[in-house]
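**Q** Dropping the structure in here first, questions after.
The values are calculated or read from the model by the stated rules, or taken from the named source; none is laboratory data. Computed from a prediction, not measured in an experiment: that's the story for all the values here. All Cβ positions, glycine included, derive from the backbone under ideal geometry; neighbour counts span all protein chains shown.
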Amino acid sequence: MSTNKQAKLACRAQAAAAAILVVQFFALHSNSASAQMAGAQVNMAQPSPARQVAATAASVAATPASAASAACTAPAALLHFDRPLVHTMRRLANGQPLTIVAIGSSSTAGAGASSPDATYPSRLAVELRGRFPGRDITVLNRGVNGEETTNMMARFAPDVLAAHPQLVLWQIGTNSVLRDHPLSPHAAQLHDGIEQLKAAGADVVLIDPQFAPVVLAKSETQGMVDQIAIAAKDENVALFHRFAVMRDWHDVQHLSFEIFVSPDQLHMNDWSYACLAKLLGSAIVEAATRPIAAAAVHPDTMSLKPAVH
């Protein structure tokens with residue numbers, strides 16, 4: 001075979017290989033685009049447990065750059081618990097280990113966070129250890145995507161009570177609203193659940209739904225927020241007003257949803273989880289270090305002042 005023929009065959013082989021690579025490239029990117037479209041459709045669907053798992057994977061994204069300049073603040077009235085955290089206070093006053101269990105659904109599990117370290121329970125542990133240097137403080141994340149109040153109560157024994165916590169943070173209400181469930185049955189379940197936690201000797205802090213576009217689209221959202229507030233008052237437990245705090249971010253501080261809500265328009269993101277942990281931590285510290293209540297708990301141990309930052 002002549003040199004010219006060999007050269008021509010080599011050129012044809014190279015052209016064929018290049019054509020195959022081009023086809024593979026476009027096929028790969030076409031599949032990726034289809035997967036992204038499917039993820040977007042999942043995010044807009046009714047959030048069943050399986051769909052919330054898919055939404056978690058699809059909605060995780062970097063916090064917007066604009067969040068870097070956003071201040072994490074909220075009105076003082078929203079960060080004050082009406083009830084002191086007596087069991088937490090006693091534990092801290094006596095220098096004993098403090099165990100906190102955070103139970104809830106996807107916004108406790110951390111849907112929308114970039115990593116487990118960016119969830120609110122993980123960030124809360126960092127906040128509290130910074131406020132009480134040298135203290136043994138554990139925050140256990142017992143959130144499960146898609147769950148409602150009854151599902152969480154079914155897990156109380158193995159996931160909450162078995163840890164013997166002094167403080168339980170119970171995030172509730174969102175999935176029931178998203179699935180258009182009636183409010184009346186939920187009220188009875190909520191009271192029953194609070195009673196179970198109190199009977200176990202733990203302080204209880206309820207956390208109401210998030211202020212996010214998908215939640216706001218539901219007609220029963222405000223009713224659920226009101227119901228949780230009434231239950232907290234009736235049962236004499238603390239309430240962290242997450243809905244009102246996030247509404248203040250949007251309506252008063254004029255932060256865009258892009259800053260504190262994930263692209264799925266439902267879950268929180270790294271910025272809002274970190275801010276939630278900071279504000280919730282401040283509320284816990286204040287409620288666990290009130291001088292009058294602390295004196296009643298243990299008059300001889302008053303070294304409860306948190307570190308100043």
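**Q** Of the residues in segment 243-265, how many are surrounded by 19 or more Cβ atoms within 10 Å (Cβ to Cβ), free of Cβ contacts under 8 Å to residues at least 40 places away in the same chain and of a type in the set (D, E, K, R)?
**A** 0
**Q** What pairs can you find where one residue is in segment 190-210 and outside any strand (DSSP E or B), the other is of a type in the set (Asp, Glu), and their Cβ atoms are less than 8 Å apart, with a gap of 6+ or different chains?
**A** Short answer, once both residue conditions are applied: His191/Asp234; His191/Glu235; Ile194/Glu235; Glu195/Glu235; Lys198/Glu235.
**Q** Could you tell me how many of the residues in segment 148-159 are in contact with a helix residue (DSSP H, G or I) (Cβ under 7 Å, 6 or more places away or on another chain) and farther than 19 Å from His181 by Cβ?
**A** Residues meeting the conditions: 1.
Residue-by-condition table, conditions (1) in contact with a Pro (Cβ under 9 Å, 6 or more places away or on another chain); (2) among the acidic types (Asp, Glu); (3) assigned by TED's automatic domain parsing to the domain that holds Ala277; (4) at pLDDT 95 or above:
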| site | (1), (2), (3), (4) |
| --- | --- |
| Ser69 | no, no, yes, no |
| His80 | no, no, yes, yes |
| Pro97 | no, no, yes, yes |
| Val101 | yes, no, yes, yes |
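**Q** If you check Pro209 against the conditions, is it exposed (fewer than 14 other Cβ atoms within 10 Å of the Cβ) and closer than 24 Å to Cys72 by Cα? Give the derivation first.
**A** On the way: exposed (fewer than 14 other Cβ atoms within 10 Å of the Cβ): no; closer than 24 Å to Cys72 by Cα: yes.
Answer is no for this residue.
**Q** Turning to a different aspect of this structure: Which of (1) out of contact with any Asp or Glu (no Cβ under 9 Å at 6 or more places or on another chain); (2) surrounded by fewer than 24 Cβ atoms within 10 Å (Cβ to Cβ); (3) hydrophobic (A, V, I, L, M, F, W, C) is the odd one out, the single condition Leu124 does not satisfy?
**A** Condition not satisfied by Leu124: (2).
**Q** Just a yes or no: is a residue in segment 141-154 in the same structural domain as Val245 (by TED's automatic domain parsing), in contact with a Leu (Cβ under 8 Å, 6 or more places away or on another chain), closer than 25 Å to Gly112 by Cα and not small (Gly, Ala, Ser)? Outline the logic, then answer.
**A** From segment 141-154, those in the same structural domain as Val245 (by TED's automatic domain parsing) are 141-154; that's our starting set.
Now narrow it down to the ones that are in contact with a Leu (Cβ under 8 Å, 6 or more places away or on another chain): 149.
Adding the requirement that they be closer than 25 Å to Gly112 by Cα leaves 149.
Retained after the next criterion (residues that are not small (Gly, Ala, Ser)): 149.
Looking through segment 141-154, at least one residue is in the same structural domain as Val245 (by TED's automatic domain parsing), in contact with a Leu (Cβ under 8 Å, 6 or more places away or on another chain), closer than 25 Å to Gly112 by Cα and not small (Gly, Ala, Ser).
**Q** From the list Asp159, Asp234, Asp192, which one is touching a Lys or Arg at 6+ places or on another chain (Cβ under 6 Å), assigned by TED's automatic domain parsing to the domain that holds Arg83 and either at pLDDT below 95 or surrounded by fewer than 21 Cβ atoms within 10 Å (Cβ to Cβ) (or both)?
**A** Only one candidate qualifies: Asp159.
**Q** Can you pull out every residue in segment 212-229 that is in a helix (DSSP H, G or I) and touching a residue at least 24 places away in the same chain (Cβ under 8 Å)?
**A** So in segment 212-229, the residues in a helix (DSSP H, G or I) come out as 213-216, 221-229.
Across segment 212-229, the qualifying residues are Pro213, Val214, Val215, Thr221, Gly223, Met224, Val225, Gln227, Ile228.
**Q** Taking the options Ile137, Ile172, name whichever one is surrounded by 16 or more Cβ atoms within 10 Å (Cβ to Cβ), more than 17 Å from the chain's Cα centre (by Cα) and of a type in the set (Val, Ile, Thr).
**A** Values: Ile172 fails: more than 17 Å from the chain's Cα centre (by Cα).
After applying the criteria, what remains is Ile137.
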